[in-house]
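The structure under discussion appears below in the form of structure tokens.
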Amino acid sequence: MAGLDKDTPIPTEIKVQQKSKLMDVSFDNGRHFSFSFEFLRVCSPSAEVRGHGPGQETLQVGKRDVDITRVEPVGAYAVKPVFSDGHDSGIYSWDYLYLLGENQQALWSDYLARLDAAGASRDPALTPPPSAKGGCGTGGRGHSH
């Protein structure tokens, strides 16, 4: 099983680099992606980050220093990183990891723009409570309640 989509490349290696705060993923089609822990945390596929439907996303703030404490396998189709801030509900399927890799630059730029628009920060000490919504890859389509 390749992930949730039978045509998705399968990781051949996943390495967590604590010193550089990167998770390196190599796929069986030769592609390789390096993800910062912060990027993976703010782009978590969990309901806590993405919500249960359109407009329910929560902008993740103050995650610059987050670590991955461990990565747990989920069947033969995904992994679940456990983050130092306690977040452990994101299941990263092979297809989602590949999608993140293919779109990393655009997703990161969008995230930084949404942080700026919300007056929020990547730094924990500088981050006020979030007033803007929008998880990674939502294009800012979230809304405030």
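The values are calculated or read from the model by the stated rules, or taken from the named source; none is laboratory data. What you see is a predicted model, and the numbers here were worked out from it, not measured in a lab. FYI the Cβ positions are ideal-geometry reconstructions off the backbone, even for glycines, and counts take in every protein chain you see.
Of note:
- A single member of 101, 90, 86 is on the phi > 0 side of the Ramachandran plot and either in contact with a strand residue (DSSP E or B) (Cβ under 6 Å, 6 or more places away or on another chain) or part of a loop (DSSP other than H, G, I, E, B) (or both), and it is 86.
- Which listed residue, of 31, 41, is modelled with pLDDT of 95 or more and either farther than 16 Å from residue 107 by Cβ or in contact with a Leu (Cβ under 8 Å, 6 or more places away or on another chain) (or both): 31
- Selected residue (only one of 49, 61 is crowded, with 16+ Cβ neighbours inside 10 Å and in a loop (DSSP other than H, G, I, E, B)): 61
- In this structure, residue 22 does satisfy being crowded, with 16+ Cβ neighbours inside 10 Å, within 16 Å of the chain's Cα centre (by Cα) and modelled with pLDDT of 95 or more.
- Test for residue 90: is it at pLDDT 95 or above and more than 25 Å from residue 6 (Cα to Cα): no
- Among the residues of the range 65-78, just one is farther than 18 Å from residue 93 by Cα and crowded, with 18+ Cβ neighbours inside 10 Å, namely 66.
- Scanning the range 25-41 for residues that are over 12 Å from residue 97 (Cβ atoms), crowded, with 19+ Cβ neighbours inside 10 Å, hydrophobic (A, V, I, L, M, F, W, C) and touching a helix residue (DSSP H, G or I) at 6+ places or on another chain (Cβ under 6 Å) turns up nothing.
- Yes/no for residue 33 being within 16 Å of the chain's Cα centre (by Cα) and farther than 24 Å from residue 6 by Cα: no
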